[in-house]
Amino acid sequence: MSVKIGSARIDESGRAKGGRAGDQTGKEVSTQSWYKHSKGWRVFRAKDPAVAERIAQDMQWACDNSHIGYDQGQRLTLYDVAKPLGFNCNRVRQNCETDCSALVRVCCAYAGVTLPNFRTPTEPAALLDSGAFVELKGAKYTDSDKYLKRGDILVTRTQGHTVVVLSNGSKAGSDTEPVSGELRRGDSGEDVREMQKRLLKWDYACLPEYGADGDFGRETEDAVKAFQRAGKLPVTGVYDPATEAALMAATSGHVEITGGSVNVRTAPGVAVGKDIGTVHRGDILIYQGVTEPAEGKDWYLIVYNNTNGWVSSKYARLIE
């Protein structure tokens, strides 16, 4: 039997916003069978099984409650309604709205894990920064439901969707692998590719020949060593938990575009560099940790189409 998941999905008109408050169809916030998302899943598990159970219970209550509907434009109304109720979605009797990431935040709050407001691009960092979750890596977790456990949180690898697992996979009880392992030269697969992508966010030129190809060869080992050296970590070339934590911290900042259409430039300032593209209001970009003053404004170094670019703080803001 397929594992069941729960989430806030879409409004009654098949749109992201604009519908009536509450679940008009019974499917705006609902359960479904696990599926392999086209953007790929990342899997996060609560360290405390009691926390995982409460997350799953609150998600089930939300899916069963017709007062809770979907609307990105009113995504925080459930949070506000549920807060004085101890975030218990079973007690909500006022029609309100949420979206997928805002609902996961409510479920975590019911379990006693207070998280900042997030959307799917920043959700992994919020979960890990809380100290209450670990990320489970490898195809056995991300590409199959067999090892998933009730209360696991799944988030797409890029902006998209997030769900909570509501039932155990067929092999959940036989999972004895360590939660956080190491990657080293000779390894291959999606975990390696994701590590390489994050290294490229740290330094877009660190993998000049092969890029994020999913193979941990000499070039990737040299890039890991370079990052370890820059972060004053033991220079081993092994992507261990300490290196992963440091790399996540170094690349977890984001810039949100607040202007309408904003040019990305090769250097800070309108008078220097060249336009390399355009971003739009609401876009979330990786912040490279560098701010330079130019022409009376701060300019932020960001990642744009796998290269570095600059945007003005006149049209953007730093977010966690």
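The values are calculated or read from the model by the stated rules, or taken from the named source; none is laboratory data. Since we're looking at a predicted model, the values are computed, not measured. Neighbour counts are summed over all protein chains in view; Cβ atoms, including those assigned to glycine, are modelled from backbone coordinates with ideal geometry. Ligands, DNA and RNA are excluded from the accessible area calculation, which covers all protein heavy atoms including side chains. Shrake-Rupley method; radii C 1.70, N 1.55, O 1.52, S 1.80 Å.
Taking a probe of 1.4 Å, how large is the accessible area per residue of region 54-135, in Å²?
About 37 Å² of surface per residue is accessible.
Let me have the relative contact order for region 1-145, percent, based on Cα pairs under 8 Å that are six or more residues apart.
Once normalised by length, the contact order is 29 percent.
Have a look at 23, 143, 48 and tell me which one the Gaussian network model of the chain (Cα, springs below 10 Å) gives the largest fluctuation.
Of 23, 143, 48, the most mobile in the Gaussian network model is 48.
Between residue 39 and residue 139, with labels modelled 7 Å along Cα→Cβ, what's the label distance in nm to one decimal, could you check?
2.3
Tally Lys and Arg at +1 and Asp and Glu at -1 over the other residues with C-beta under 15 Å from the C-beta of residue 81: what net charge comes out?
-1
Within region 77-125, list the trypsin sites (Lys or Arg not before Pro) lying in a DSSP loop whose Cβ has at most 12 other Cβ atoms in a 10 Å radius.
Those that pass, being in a loop and sparsely packed, are 93.
Roll a 1.4 Å probe over the protein chains and send me the accessible area per residue for region 239-320 in Å².
49
Can you compute the helix-only [θ] at 222 nm over the chain? Use -39500 (n - 2.57) per DSSP H run of at least 4 residues, normalise by all residues, nearest 500 deg cm²/dmol. Working shown, then result.
Numbers: 8 runs with 80 residues, N = 320.
The per-residue figure over the chain is -7500 deg cm²/dmol.
With Cα Rg over 2.2 N^0.38 Å defined as stated, name the option among (i) 1.16; (ii) 1.31; (iii) 1.05 computed from the structure displayed.
Recomputing Cα Rg over 2.2 N^0.38 Å here gives the entry labelled (iii).
For residue 294, list long-range residues whose amide hydrogen, built 1.01 Å from N in the peptide plane, is under 5 Å from its own amide hydrogen.
Residues meeting the criterion, in which the H sits 1.01 Å from N, are 299.
Rounded to whole Å, give me the distance from the Cα center of region 1-27 to that of region 257-314.
36
Specify the inter-centroid distance of region 88-130 and region 209-239, based on alpha-carbon positions, in whole Å.
If we compute the Cα centre of each part, the gap is 35 Å.
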